[in-house]
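Shown next, in structure tokens, is the structure this report addresses.
The values are calculated or read from the model by the stated rules, or taken from the named source; none is laboratory data. Please read these numbers as outputs of a predicted model, since none were measured by experiment. Heads up, the Cβs are rebuilt from the backbone with ideal geometry, glycines too, and the neighbour counts pull from every protein chain shown. Keep in mind that these areas ignore ligands, DNA and RNA; they rest on the heavy atoms of the full protein, side chains included. Shrake-Rupley method; radii C 1.70, N 1.55, O 1.52, S 1.80 Å.
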Amino acid sequence: MTKNEVQKHIRAIFKKKGFLCRNTHFYYDTPGDFMIVFGIQSSIYGGHCYLERGYCIKSINRYSEYPKFYELGLNCGRINGPIEYEGFGEERIRYIENKVDELLPKMLELAGGGKDTLIGYYLDRKDELGWYVLGDYTAEYFGLTRADVKYHFCDPDV
């Protein structure tokens, strides 16, 4: 399949699950201060992409109403492995659907628990290093400092 065909299939998955689809990003609003976001990241090497996920913190969001995955206050990393364009088919579509079905309830539960529940979950996960907070303003939102999240901090101004 082509890159556009793969993106079209991924978009259909998220649309079916109730997400608002904007090009290569997918948004699921929650009643609280968080919006769950998934986004397709194209590989610079071509031939594949990745599916990123995280939370937009609505009250401190410095970007558009619908931020990209790299603009999220809390980026939770990738869904396992690259998504190859060549050979993309029903098996991979089912895998992505199942992964979203697995992740979304937990992400909704964490968002519903508020900021302490959300950041506490990620701070306690010593085995998962792929998440990060974006900027000092996000760390402050969670009542933390840059030092508290030193291995999980991304400075947007650098």
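Residues that are among the β-branched types (Val, Ile, Thr) and without any contact (Cβ under 8 Å) to a residue 40 or more places away in the chain: does segment 60-67 have at least one?
To start, the set of residues in segment 60-67 that are among the β-branched types (Val, Ile, Thr) comprises 60.
Restricting the remaining residues to those that are without any contact (Cβ under 8 Å) to a residue 40 or more places away in the chain gives none.
Within segment 60-67, not a single residue is among the β-branched types (Val, Ile, Thr) and without any contact (Cβ under 8 Å) to a residue 40 or more places away in the chain.
I need a count of the residues in segment 36-88 that are touching a His at 6+ places or on another chain (Cβ under 8 Å), over 14 Å from Phe26 (Cβ atoms) and part of a loop (DSSP other than H, G, I, E, B).
Total meeting the criteria: 3.
For Lys58, all conditions in the list (1) modelled with pLDDT of 95 or more; (2) open to solvent by less than 40 Å² (accessible area, probe 1.4 Å) hold save one; what is the number of the exception?
Result: Lys58 passes all but (2).
Run Gly120 past the list (1) modelled with pLDDT of 95 or more; (2) out of contact with any Ser or Thr (no Cβ under 8 Å at 6 or more places or on another chain); (3) in a helix (DSSP H, G or I) and report the number of the one that doesn't hold.
(1)
Pairs please, first residue from segment 33-53 and free of Cβ contacts under 8 Å to residues at least 24 places away in the same chain, second anywhere and open to solvent by less than 20 Å² (accessible area, probe 1.4 Å) and not in a loop (DSSP other than H, G, I, E, B), Cβ atoms under 8 Å, 6+ apart in sequence or on different chains.
Met35/Tyr27; Met35/Tyr55; Met35/Cys56
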